[in-house]
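Written out below as structure tokens is the structure these notes cover.
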Amino acid sequence: MTDSRLAVIVLAAGAGTRMRSRTAKVLHPIAGIPMIGHVLQTARELGAAHVVTVLRHERDAVAAAVAEYAPEALVADQDEIPGTGRAAEAGLAALPGGFDGDVVVVSGDVPLLDAGTLGDLLAAHRAASAAVTLLSAIVDDPAGYGRVVRDGEGRLARIVEQKDATEAERAIPEINSGTYVFAAAALREQLPRLAPDNAQGERYLTDVVGLLGAAGSAIAAVPVAEPWRIEGVNDRVQLSRQAARLNAMIVHRHQVNGVTVVDPATTWIDQNVAIGEDAVIWPNTRLAGATTIDRGASIGPDTTLVDCEVGEDAVVKRADATLALIGPRASVGPFAYLRPGTELGADGKIGTYVETKNAKIGTGSKVPHLSYIGDTTIGEYTNIGAGAITANYDDVAKHPTTIGSHVHSGSHTVFVAPVTLGDGAKTGAGAVIRKDVPPGALAMSVAPQRNIEGWVERNRAGTESARVAAEATGEGSGPAEGHA
Ligand code: UD1
Ligand code: CA
């Protein structure tokens, strides 16, 4: 349902000075997506035939994000002349020459503006055949925003920026959201008239409103029903506030869909995460990127999953995982670190203080305690004893370890890669496995144990060790208490 008479211009050329960041403001993410990504998603939902982004600051990095989130969008470059009016001019110039439909102008730093709100604004604009209809909001703290100045009859007159406003104007609680619908022809006519005669020396798009009003065109400001939706992000305080609001909406959506979120305030879920019914998310958990959680899984507390897939009824507790696959009914943690390329099979286990990387652990196989498993393939129903290490790196290159099915490694085994253990093999405790182990073999590398009797009494005479040893062996020299 593309609307051929509709274009959206996204203003995103500003420097974003108040963020104090190396990264362009509109690239700062909320819910795992850069702010401009959210805005472009909204533009797409609105069904506009043309979407133009106006860029300048950090141009190439922002253009890359535009290409990712809206490949169909055009990029218009703003020149060195500053101001939202100049930006709109650049955007308008990128539209097809004769375009005379409606132009929605939004800012790249207003990430929670939704297509429903924009659709209502567009409908009001078209119903009134207005030259411009702007979205306003009545707020408790209007500081920093442009104010909506109305005449004695309450009709929109113009917008005044905070820095240019009189004290009386600064007291106006109705602010300009920076979101507008313009009739393309009206906008095209007025933009060249903008002058930088203001406190910031910029060509303000907001001045088009007053110019159109003075020219006798129909202009209107429509207050938004949910003022928090139009809050712009100019600094990190506003960034966290809008991120929290979006997160609350995402958590709510999952709860409605049958997911138990024990503590919404400490649960952070990115926009594109999918979670099945009856999953339980415990406190202090972050589900990021393209993570998917199947039904019935239990995640957290204190868990971060980035781009992970978790199978049905799996349990992941106090874990940090990136690009890992966790099979159905598998168990991870507490205190596990799963690095990219970890694939844990159904009913498998990665237990306490275990780090894995590029490790395929088959169905029912377990690495329960204190281990590092990297560049490793493990078959089915194998048990890796406590304290196992795959020594995969020899200071030059990484090497693979291959372990078969139904293998049992003794505690504290070191697998010096490259090395292969056949199906059903075993290793003794403390073994250092440097050579391949055939199927069914027991590999031992620790020297046989030798006990030197009486060593302590001979070499550590007079110590507590010697005394209790003598007592235990019944060979005490002196009279032992209670045995007289
Ligand atoms: C702007 C409005 C203000 C409104 C507020 C709402 C103007 C003059 N003021 O102020 O009335 O209340 O938004 O959030 O429009 N940009 C460019 N090129 C530029 C300057 C800015 O593309 O030369 C872009 C920015 O990247 C940003 C948007 O325009 O996405 C708004 O710019 P910003 O500097 O944040 O304007 P505000 O001071 O917030
Ligand atoms: Ca802003």
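The values are calculated or read from the model by the stated rules, or taken from the named source; none is laboratory data. Keep in mind that what you see is a predicted model, and the values were worked out from it rather than measured. Here Cβ is always computed from backbone atoms with ideal geometry, including for glycine, and neighbour counts include all displayed protein chains. Quick note on the areas: whole protein, heavy atoms, side chains included, nothing else; ligands and nucleic acids left out. Shrake-Rupley method; radii C 1.70, N 1.55, O 1.52, S 1.80 Å.
Of the strands (runs of 3 or more DSSP E) contained entirely in the range 293-389, those carrying at least 2 residues that are closer than 17 Å to T402 by Cα and over 20 Å from the mean Cα position of the chain (by Cα) fall at 349-361, 366-378. Within the range 275-292, the set of residues being assigned to a loop (DSSP other than H, G, I, E, B) and touching a strand residue (DSSP E or B) at 6+ places or on another chain (Cβ under 8 Å) comprises G276, D278, A279, W282, P283, N284, G289, T291. For residues that are more than 15 Å from L323 (Cβ to Cβ) and hydroxyl-bearing (S, T, Y), scanning just the range 275-302, find the one that is surrounded by the fewest Cβ atoms within 10 Å (Cβ to Cβ). Going through the qualifying residues, I end up with S298.
Looking at R5, R44, which one is away from ligand 1 (no atom under 14 Å from the Cβ), in contact with a strand residue (DSSP E or B) (Cβ under 8 Å, 6 or more places away or on another chain), among the charged types (D, E, K, R) and part of a helix (DSSP H, G or I)? Going through R5, R44 in turn, the sole match is R44. Of the residues in the range 404-423, at least one is at pLDDT 95 or above and more than 19 Å from S371 (Cα to Cα).
Residues checked against (1) among the hydrophobic types (A, V, I, L, M, F, W, C); (2) modelled with pLDDT under 95; (3) touching a Gly at 6+ places or on another chain (Cβ under 6 Å):
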residue	(1), (2), (3)
G300	no, no, no
C308	yes, no, no
G311	no, no, yes
A324	yes, no, no
G327	no, no, yes
L344	yes, no, yes
V354	yes, no, no
K360	no, no, no
T363	no, no, yes
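Specify which of the listed residues (S240, S217) is more than 13 Å from ligand 1 (Cβ to nearest atom), touching a residue at least 24 places away in the same chain (Cβ under 8 Å), open to solvent by 30 Å² or more (accessible area, probe 1.4 Å) and among the hydroxyl-bearing types (S, T, Y).
Among S240, S217, only S217 is more than 13 Å from ligand 1 (Cβ to nearest atom), touching a residue at least 24 places away in the same chain (Cβ under 8 Å), open to solvent by 30 Å² or more (accessible area, probe 1.4 Å) and among the hydroxyl-bearing types (S, T, Y).
Comparison of R188, R229 shows that the only residue that is part of a helix (DSSP H, G or I), surrounded by fewer than 22 Cβ atoms within 10 Å (Cβ to Cβ), within 13 Å of ligand 1 (Cβ to nearest atom) and in contact (Cβ under 8 Å) with a residue 60 or more places away in the chain is R229. Looking only at the range 216-224, decide whether some residue is within 16 Å of ligand 2 (Cβ to nearest atom) and either of a type in the set (D, E) or out of contact with any His (no Cβ under 8 Å at 6 or more places or on another chain) (or both). Scanning the range 216-224 turns up at least one residue that is within 16 Å of ligand 2 (Cβ to nearest atom) and either of a type in the set (D, E) or out of contact with any His (no Cβ under 8 Å at 6 or more places or on another chain) (or both). Do you know which residues across the range 446-461 are open to solvent by less than 60 Å² (accessible area, probe 1.4 Å) and in a loop (DSSP other than H, G, I, E, B)? G454, the sole residue that qualifies.
Regarding the range 396-413, can at least one residue be identified that is charged (D, E, K, R) and not in a strand (DSSP E or B)? No, that holds for no residue.
Go through (1) in contact (Cβ under 8 Å) with a residue 60 or more places away in the chain; (2) polar (S, T, N, Q); (3) surrounded by fewer than 17 Cβ atoms within 10 Å (Cβ to Cβ); (4) not in a loop (DSSP other than H, G, I, E, B) and name the single condition N272 misses. So N272 meets the others, but not (4).
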